[in-house]
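The values are calculated or read from the model by the stated rules, or taken from the named source; none is laboratory data. These figures come from a predicted structure and were not determined experimentally. Here the Cβ positions follow ideal geometry from the backbone for every residue, glycine too, while neighbour counts run over all protein chains shown. The area values use the complete protein model at the heavy-atom level, side chains included, leaving out ligands, DNA and RNA. Shrake-Rupley method; radii C 1.70, N 1.55, O 1.52, S 1.80 Å.
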Amino acid sequence: MHPESRQTIIAYEEVVARMQTHVTSSHEQKAGVMAIANLAESMPLGGQDYRVPTAACDAVVTAMKAHADDIGVQREGACAVAILAINKDNCVKLGAAGAIDAVVAAMQAYASDVNMQQRGAWAVSNLAANNEENRAKLGAAGASDAVVAAMQAHISDVNVQQNGARAVANLAISEENSAKLGTAGACNAVVAAMTTYAFDANVQHYGSWAIIALAKNAENCAKLGAAGACTAVVAAMQAYASDVDVQQNGAWAVANLAKNADNSAKLGTAGACDAHYGAWALINLAENADNSSKLGAAGACDAVVTAMKAHASDVNVQHYAIGAVVNLAENAENSAMLGAAGACDAVVTAMKMHATDGDLQHYCAYAVAELANNAENSAMLGAAGACSAVVAAMKAHAFNIDVQHYCSWAIAGLAQNADNRIALLAAGALPAVVVAMRTHSHWLAGANAIVQLLTTVACFGAEGSFRILMMCSLARRHMKPAAPHRGGGGGGGATASGGSNIWHHWQEQLEALECVVCVLCKDNFRNHVLLPCAHCVLCAECAQQRQGEWSPAG
């Protein structure tokens, strides 16, 4: 053990021994609690690196419970809990010792004392930060109501607002606490804090963080919108453009708020489309048609593609950016702008660099399907290697239904371009689609892909033609006309009402091929006639091999 660590432990032991000797003295208890806090705070990183003896955690809680009527002990006790709880092990010890009930009781007993509320909210925030069990205990103890009450009662104190917003953010990680916070008025309290302290970066940072967590609850999301959260978050992002924390949390908050249709419209009006181009935010903002247009006009297409190129190795950036591309590309003008910005290359690059990530592959395929609706984009996708990338994804993730579904739609979209059809067939798109249809039946996506691919079967000449026919026939036995996959489809895919048209078109293509392929080898086209019946059913190779084996029917 390092000598300094040993000395610190001895110091803790001495403090705890003195507190245990003078249990009834509020003065000694206050001094002891302060000493424990100072020892912890003097450690590197404010106590994150070193654990505090269990006895020290117990001593702090014991002091708070024994001297509940002494505001000095309560203030210093809450402060000590906040500092100690920075360390995860200490956080567990404090939860087990009863610190949660002690802190919440202190906040409730001294609701008018601003110093107590500052420290109490700080303690609640740290206790809830890294411990699921503590979050549940805090919720049961009434921490949600206590924190919101503190924010409402002390709107004039910036520290209460900072610590309160952070406490709300950490408590709201729990769905149950999030609902309680909403009922207690946390949505209005957080927005009021952000509006009142627009000049304080910490309030904006923690306020946006709280909105992120609260907005995951549908009712809270609506309440936040009504309270003015959309305007508050956008204003924060505009005011602190160089602050990474505000920008990251703001983008995430916008994304969660935008899941509510009314909020999405409000965000567009508030300037969220211009304020920041966080890919996660754009995913949900772009679901609103008006916002999608605004985002395009604001330069979102270029921004998303730039983010993808700059962070090509970051799978999270790629995930969120691809989601934004999908929603933006539903707008025809945005799709063209995305193509011009280099989205086709960026999406294909993402597929190739993160080939093992099934979730990303299916989103990339969805993006390919959407982008391919634009003829120029389709050509650029082909040139970028989208055909082989999509087929590779299908082969690598054969049992992932989402990958198979969206890749089939992507193939259908890409195959509308003649060069892409050739590239797809050469890459093995047809057998990949057939395998997908056999594994995951009732897919219009697969049927649509095959209809497009079959228009280029002639490119293969006689060689291998029946191999294609055989695979299609196998797929036909495993598929029925059905509605599209519930996840939606891209690439101009068929709707349920158009399913029968695709089905009949496919049947016609197969029947046409069946009439021209050799009935024996099933590889080459028929080009030899049998006499005297005059049936043209054999290719030259089979006719030569079987010459003399045929006899006219009687």
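What to note about this one:
- Test: Gln161 is on the phi < 0 side of the Ramachandran plot, open to solvent by 30 Å² or more (accessible area, probe 1.4 Å) and in contact (Cβ under 8 Å) with a residue 12 or more places away in the chain: no
- Check on Ala332, at pLDDT 65 or above and of a type in the set (Gly, Ala, Ser): yes
- Hey, Ile100 in contact with a helix residue (DSSP H, G or I) (Cβ under 8 Å, 6 or more places away or on another chain) and open to solvent by less than 40 Å² (accessible area, probe 1.4 Å) or not: yes
- Screening Met107 against (1) more than 21 Å from Ala68 (Cα to Cα); (2) touching a Gly at 6+ places or on another chain (Cβ under 7 Å) leaves a single unmet condition, (1).
- Within segment 192-256, helices (runs of 4 or more DSSP H) holding 3 or more residues that are surrounded by fewer than 20 Cβ atoms within 10 Å (Cβ to Cβ), at pLDDT 90 or above and of a type in the set (S, T, N, Q): none
- Residues (open to solvent by less than 40 Å² (accessible area, probe 1.4 Å), out of contact with any Asp or Glu (no Cβ under 9 Å at 6 or more places or on another chain), part of a helix (DSSP H, G or I) and at pLDDT 90 or above) located in segment 1-27: Ala11, Tyr12, Val15
- So Val92, is it surrounded by fewer than 23 Cβ atoms within 10 Å (Cβ to Cβ), part of a helix (DSSP H, G or I) and of a type in the set (Val, Ile, Thr): yes
- Sub-9 Å Cβ pairs linking a first residue in segment 123-139 that is closer than 10 Å to Val103 by Cβ to a second residue that is hydroxyl-bearing (Ser, Thr, Tyr), at least 6 apart or interchain, are Leu138/Ser144; Leu138/Ser174, ordered by first then second residue.
- Here Asp113 fulfils each of the conditions (1) closer than 30 Å to Gln152 by Cβ; (2) in contact with a helix residue (DSSP H, G or I) (Cβ under 6 Å, 6 or more places away or on another chain); (3) open to solvent by less than 50 Å² (accessible area, probe 1.4 Å) apart from (2).
- The set of residues in segment 116-150 that are surrounded by fewer than 18 Cβ atoms within 10 Å (Cβ to Cβ), of a type outside the set (Gly, Ala, Ser) and either in a helix (DSSP H, G or I) or at pLDDT 95 or above (or both) comprises Glu132, Glu133.
- Looking across segment 151-173, the residues that are within 25 Å of Val92 (Cβ to Cβ) and more than 24 Å from the chain's Cα centre (by Cα) come down to Asn163, Gly164.
- Filtered residues of segment 214-228 (kept if touching a Leu at 6+ places or on another chain (Cβ under 9 Å) and of a type in the set (D, E, K, R)): Lys223
- Scanning segment 77-104 for residues that are small (Gly, Ala, Ser) and without any contact (Cβ under 8 Å) to a residue 40 or more places away in the chain yields Ala96, Gly98.
- Checking Val390, Val368, Val348 one by one, the residue that is open to solvent by less than 40 Å² (accessible area, probe 1.4 Å), within 11 Å of Val325 (Cβ to Cβ) and of a type in the set (A, V, I, L, M) is Val368 and no other.
- All conditions but one from (1) more than 14 Å from Asp70 (Cβ to Cβ); (2) open to solvent by 30 Å² or more (accessible area, probe 1.4 Å) apply to Ala37; the one that does not is (2).
- Residue pairs meeting the criteria (Cβ under 8 Å; at least 6 apart or on separate chains; first closer than 20 Å to Asn373 by Cβ, in segment 395-414; second part of a loop (DSSP other than H, G, I, E, B) and among the aromatic types (Phe, Trp, Tyr)): His405/Trp443; Ser408/Trp443
- Candidates in segment 506-525 are the residues that are modelled with pLDDT under 75 and assigned to a loop (DSSP other than H, G, I, E, B); of these, the one that is least open to solvent (accessible area, probe 1.4 Å) is Asn524.
- Of all residues making up segment 164-191, the number that are open to solvent by less than 20 Å² (accessible area, probe 1.4 Å) and either under 25 Å from Asp262 (Cβ atoms) or among the hydroxyl-bearing types (Ser, Thr, Tyr) (or both): 14
- Residue match in segment 352-361 (condition: at pLDDT 90 or above and crowded, with 24+ Cβ neighbours inside 10 Å): yes
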